[in-house]
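Structure first, then comments.
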Amino acid sequence: ITSANNLLAALLDNHIQQGNELRIDLKSINWKRCEDMNDRQLRNIVIGMGRKTDGVVREDHFVITVASEIMAILCLADDMDDLKARLARIIVAYDVDGNPVTADMLHATGSMAALLKDAIKPNIIQTLEHNMAIVHGGPFANIAHGCNSVQATRFALKLGDIAVTEAGFGADLGAEKFFDIKCQMAGFKPDAVVLVATVRALKYNGGVPKAELSTENLDALRKGIVNLEKHIENLQTYGVPVVVAINQFASDTEAELNFIEDFCRNKGADFALSKVHGEGGKGGVELANAVIRTLETKESLFAPVQNLSESLYDKINSVAINIYGADGVDFEPKAKKALDKLTELGFGNVPV
């Protein structure tokens, strides 16, 4: 992915160096180079210094590889043909008239796809207890969709009766993007969702200092559990049955665990303890049984919050109101200009 990203960057700058036939505006280049580590010194740089043959001087930027658009593309691609189509559509810059310049216009699609021909295949790995797991892709959750690849999930669905996949961090971020972006684009319909929490985190949310999290505190738990409550409500907004899994710590007391269990059941969510960290697979049996029980007794009426046929404005409003609890969104002039430009370019029917 790093090589494919930087190949496109090199072809872009070479095109400018060789006469700039596409009339690319040097102030309107949005494609960044990348490397697979966080080096803040390279985030904002000047390139092309030196002799005339060393390129055109301009401002440039580096991002970490998981923040590359190619990482997001790889994870959403259905197959090699779809991968090529998505790579071809990448907007690397705008010309002096404000028209988009794409990777395909730079003749970069085929060579990028060649570099990604093996990367597109899901990776099979083995857990400590010799079970199969698939690890494939990892786009940044705060700027992309934050989920593993569509191909990995499809692969898993063919290999067993139940496929469990991770959806980034935070049900208001990872789950929202998993449902609204990945599931809509790939046609997945989840049957249940596991929401993971800890007693310690809920007490911390209730105001307990880190040093005191090991002490039983039902009052703090009562205050902090509103965080879990909102996550449950968010997930139920999508019509998917919820199983709350508590990652158990040795300091968790029976009273605290009973309080959370009663709270979850009152909210219409199943509940289970997960002791996988300490006990391995044996510690996950209770959670597995809770998931199976939910699958067998509750129907999923999955419906995304973002309606793809609605405008970008409506999609942003929908997520802000339904997931984040806003009463609406105020769009600043710069945001309106960007959203209108995206709609004009044909991106009005994609998820945000």
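General remarks:
- Farthest toward positive dipole pole in the stretch 213-321 [+1 Lys/Arg, -1 Asp/Glu at C-beta], among 237, 274, 259: 237
- Leading residue at positive end of dipole, the stretch 112-228 (Cβ point charges), from 209, 124, 228: 124
- To the nearest ten degrees, helix 2-17 and the longest principal axis of the Cα atoms of the chain are 30 degrees apart.
- Acute angle (nearest 10 degrees) that the helix 333-344 long axis makes with the longest principal axis of the chain, alpha-carbon atoms: 80
- A P(r) calculated from all alpha carbon pairs of the chain, with 10 Å bins opening at zero, reads 5, 20, 27, 24, 15, 7, 2, 0 percent.
- Between residue 254 and residue 210, the contour length at 0.36 nm per residue exceeds the Cα-Cα span by 13.8 nm.
- Pairwise centroid distance, computed over Cα atoms, of the stretch 10-89 with the stretch 99-160, Å: 20
- In range of the label at residue 317: residues from the stretch 336-351 whose backbone nitrogen is under 20 Å from the point 7 Å along Cα→Cβ: 336-344, 347-351
- Sorting 341, 315 by solvent-accessible area of protein heavy atoms yields 341, 315, largest first, with a 1.4 Å probe.
- Accessible carbon and sulfur surface of the stretch 1-116 relative to its total accessible area, %, 1.4 Å: 50
- Rounded FRET efficiency, nearest 0.05, which uses the C-beta distance separating residue 135 from residue 223 and R0 of 41 Å: 0.65
- Taken about its Cα centre, the chain carries a charge dipole of roughly 660 debye when the Cβ of each Lys and Arg holds +1 and the Cβ of each Asp and Glu holds -1.
- Surface per residue (accessible, 1.4 Å probe) for the chain, Å²: 54
- What a 1.4 Å probe finds exposed on the stretch 217-318 is 51% carbon and sulfur by accessible area, rounded to a whole percent.
- Taking the helices alone, the chain has a mean residue ellipticity at 222 nm of -11000 deg cm²/dmol, built from -39,500 (n - 2.57) per DSSP H run of at least 4 residues and averaged over all its residues.
- Evaluated with a Cβ-only charge set (Lys, Arg +1; Asp, Glu -1), the stretch 198-325 carries a dipole of roughly 220 debye about its Cα centre, given to the nearest 20.
- Charged side chains reduced to their Cβ positions (Lys and Arg at +1, Asp and Glu at -1) give the stretch 1-116 a dipole of some 400 debye around its Cα centre.
- Figure note: 340, 252, 25, 161 ranked by solvent-accessible area, largest first, 1.4 Å probe, ligands and nucleic acids not counted: 161, 340, 25, 252.
- For the chain, with +1 on Lys and Arg beta carbons and -1 on Asp and Glu, the positive-most of 87, 48, 187 along the dipole: 48
The values are calculated or read from the model by the stated rules, or taken from the named source; none is laboratory data. Keep in mind that what you see is a predicted model, and the values were worked out from it rather than measured. Note: ideal-geometry Cβ built from the backbone for every residue, glycine included; neighbour counts use all protein chains shown. With ligands, DNA and RNA removed, areas are computed over all heavy atoms of the protein, side chains included. Shrake-Rupley method; radii C 1.70, N 1.55, O 1.52, S 1.80 Å.
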